[in-house]
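Here's the structure, in structure tokens; my notes come after.
What follows draws every value from the coordinates through simple rules; no lab data is involved. Source: prediction; values computed, not measured. Note: ideal-geometry Cβ built from the backbone for every residue, glycine included; neighbour counts use all protein chains shown.
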Amino acid sequence: MALPPSTRYTPPTGQGDSRPKSTPAASSFRSVDVAKTLSTLSTVTTPGREFEFTGADFDRIRKLLYEHAGIALSPAKQDMVYSRLARRLRVCGDKTFTQYLQRLERDHGEWETFINSLTTNLTSFFRESHHFDILAAQLKQIREKRQIKIWCCAASTGEEPYSLAITACEAFSSLGPPVQIIASDIDTAVLAYGEQGRYRRDRVERMQPAYLGRYFTHNAEDDSYSVRAELRRLITFRRINLLSPTWAVQGPFDAIFCRNVMIYFDKPTQRAVLKRFAPLLRADGRLYAGHSESFLHASDLLRSLGRTVYVRLDSPLR
Ligand SMILES: C[S@@+](CC[C@H](N)C(=O)[O-])C[C@H]1O[C@@H](n2cnc3c(N)ncnc32)[C@H](O)[C@@H]1O
């Protein structure tokens, strides 16, 4: 995936954190109208800032991000938005955020970088590790000889799909398990990074040493680790926006990993996505969500098995 230098992804030094970005807002877009109005009224720019950034600019950015990516940004994220987009204004030569937003309107190509700049990509290998134990047990129970399909739909920089691939190799005691993993994300920069499968030491060192030895090779020149080709062959990376009316995937899936992305969406958006997940799951397939993502409001669409694992309503699983 060829990307211009401005959209290339460089992870920061902190373990597990993929960017100097803050945690997502818990509040929904609709519940913040008062604060939103206040931010619209505050058109005063912060002294000492390089670029003028008004409350109206911020509200416009929130609206665009919500409409295009489903991300409901809290009104408290004004500084975060400034710091993430300021670099882009510098590169584009814009003097104010208003100018940058005008550019966005006329230059369709800028959208990709705009969205990439505003996503939060926090992830790590074997994050919420109990899900990988549940998946391993699920894979071992499959008796039929067939291709097993997993969709990792907010794959970020690749740690999650590679953890899925390692889990599959371990479950089948093979570097060529009958497993096909689609790793998708809205952010093209993190996808390109994940596709390379090369991680700094601090990103991999919490993993079981046996996995590091079995599934990675060490690069002495920069002390990084590369994922083995056999593991990479199990995964296809592609851009998919969960808000798009069509998704370039074909079910049915044994597992959909949709973890720590729904927290950025409001409930109507979550429901719309879940409604489309249910028919993509096999009858015995599972949807894995993040630990703070409860879909109890969607109990007419999915049934909980506990530990933020869900199945179709007609699933035989209990
Ligand atoms: C916090 S990361 C979670 C990564 C991984 N699933 C995990 O749990 O470690 C959230 C990811 O969701 C992606 N994302 C946000 N909005 C999205 C959308 N509308 N469609 C697809 N991916 C989206 C972001 O780009 C980001 O990489």
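Arg60 versus Arg271, label points 7 Å from Cα toward the beta carbon: distance in nm?
Placing both labels 7 Å beyond Cα along the Cβ direction yields 3.2 nm.
Using a 10 Å cut-off around each Cβ, can you sort Arg103, Arg259 from fewest to most neighbouring Cβ atoms?
Fewest-to-most Cβ neighbours within 10 Å comes out as Arg103, Arg259.
What length, rounded to one decimal in nm, is gained on full extension from Arg318 through to Ala283, with 0.36 nm per residue of separation minus their alpha-carbon distance?
Full extension of this stretch gives 11.4 nm more.
How high is the relative contact order of region 130-241, given as a whole-number percent (alpha carbon pairs under 8 Å, six or more residues apart)?
In percent, rounded to a whole number, it is 31.
Counting Lys and Arg as +1 and Asp and Glu as -1, each charge on the Cβ, what is the dipole of the chain about the Cα centre in debye, to the nearest 20?
Here the chain has a charge dipole of around 580 debye.
How would region 163-217 be classified by its alpha-carbon gyration tensor: rounded, prolate or oblate, with rounded meaning a/c under 1.5 and the a/b versus b/c comparison settling the rest?
Oblate, since a/c reaches 1.5 and b/c is not below a/b.
Compute the separation of the alpha-carbon centres of region 229-262 and region 112-178 and state it in Å as a whole number.
Value for the Cα centre distance between the two parts: 10 Å.
Modelling each spin label as a point 7 Å along the Cα-to-Cβ direction, I'd like the Gln250/Glu67 distance in nm, to one decimal.
In this crude label model, Gln250 to Glu67 measures out at 3.5 nm.
List the relative contact order of the chain as a percent without decimals, with contacts defined as Cα pairs under 8 Å and 6+ residues apart.
17
Each residue of region 204-210 in turn: what ³J(HN,Hα) in whole Hz from Karplus with 6.51, -1.76, 1.60 and θ = phi - 60°, glycine and Pro shown as x?
Coupling constants for region 204-210: 10, 6, 8, 6, 4, x, 4 Hz.
Give, in nm to one decimal, the length gained when the segment between Arg239 and Asp300 is fully stretched (0.36 nm per residue of separation minus the Cα-Cα distance).
19.0 nm is the gain from fully extending Arg239 to Asp300.
Evaluate the charge dipole of region 130-312 about its Cα centre and quote only its size in Debye, nearest 20, assuming +1 on the Cβ of each Lys and Arg and -1 on the Cβ of each Asp and Glu.
The dipole of region 130-312 has a size of about 660 debye.
In debye to the nearest 20, how big a dipole does region 210-314 give about its Cα centre with +1 on each Lys and Arg Cβ and -1 on each Asp and Glu Cβ?
Around 340 debye, computed over region 210-314.
What 222 nm value per residue comes from the helices of the chain, counting each DSSP H run with n ≥ 4 as -39,500 (n - 2.57) and dividing by all residues, nearest 500 deg cm²/dmol?
-11000 deg cm²/dmol
Pick out, from Thr157, Ala171, Thr123, the residue whose Cα sits farthest towards the positive end of the charge dipole of region 110-201, with +1 on the Cβ of Lys and Arg and -1 on the Cβ of Asp and Glu.
Ala171
Could you compute the longest span of the chain free of GluC sites (Glu not before Pro) located in DSSP loops and having at most 15 other Cβ atoms within 10 Å, not counting the site residues?
Longest site-free region, per DSSP loop and neighbour criteria: 222-318.
Just name one of Ala298, Leu212, Phe265: the one whose Cα is farthest towards the positive end of the charge dipole of the chain (beta-carbon charges, Lys/Arg +1, Asp/Glu -1).
Ala298
Report ³J(HN,Hα) in whole Hz for each residue of region 279-285, in order, from the Karplus equation J = 6.51 cos²θ - 1.76 cosθ + 1.60 where θ = phi - 60°; Gly and Pro get x.
So the J values, rounded to whole Hz, are x, 8, 8, 5, 4, 9, x.
Arrange Leu65, Leu287, Leu313, Leu280 by Cβ neighbour counts within 10 Å, fewest through most, would you?
Leu313, Leu280, Leu65, Leu287
May I ask you to sort Asp57, Asp185, Asp254, Asp94 by Cβ crowding, counting other Cβ atoms within 10 Å and putting the fewest first?
Ranking Asp57, Asp185, Asp254, Asp94 by Cβ neighbours within 10 Å, fewest first, gives Asp94, Asp254, Asp57, Asp185.
Can you work out the Karplus-derived ³J(HN,Hα) for every residue in region 247-258? Use 6.51 cos²θ - 1.76 cosθ + 1.60 with θ = phi - 60°, whole Hz, and x for glycine or proline.
Computed from phi, the couplings for region 247-258 are 10, 7, 9, 10, x, x, 9, 6, 8, 10, 9, 10 Hz.
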